[in-house]
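One structure is given below, encoded as structure tokens.
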Amino acid sequence: IMVLAGDTLPIDVYCHIPIMCEDRSLPYAYVPSKADLGAAAGSKRPTCVIMIKPHEEYQETYDECLEEVEALPLPL
């Protein structure tokens, strides 16, 4: 699951990532803030993109998140 911060400027920094995700059928979602995304990833720095990969330790939680992200409408 790719998570992208919506307040990343310039957009050229990561505008290729949604296209790559769609080409590879990888789910992705946007969150409003790169500061919040960085904090959620355990970093003190703002982060524009993170990738969440499945792992046996948190597979059930990952599956729930994947289901929620796949239910989101595609961005325009």
Pairwise label distance in nanometres, VAL13 with TYR62, each label 7 Å out on the Cα-Cβ vector: 2.7 nm
Placed amide H near VAL31: partners under 5 Å, 5+ positions off or other chain: LEU4, ALA5, GLY6
Cα-centre dipole for segment 2-71 with unit charges at Cβ (Lys and Arg positive, Asp and Glu negative), debye to 20: 540 debye
Distance (nanometres) between label positions extended 7 Å along Cα→Cβ at VAL49 and ARG24: 0.9 nm
Whole-Hz couplings from phi, Karplus 6.51/-1.76/1.60, listed for segment 22-27; x for Gly and Pro: 5, 5, 9, 6, 8, x
Estimated vicinal HN-Hα couplings, Hz - segment 59-67 in sequence order (Karplus 6.51, -1.76, 1.60; Gly, Pro = x): 4, 5, 5, 4, 4, 5, 5, 4, 4
Kirkwood-type radius of the chain, with distances r between different C-alpha atoms, in Å: 13.1 Å
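We did not get these values from a lab; they are worked out from the coordinates using the rules stated. It should be emphasised that the depicted structure is a prediction, and the values quoted were computed from it without experimental measurement. Don't worry about glycine lacking a Cβ; one is built from the backbone with ideal geometry, like all the others, and counts go over all protein chains shown.
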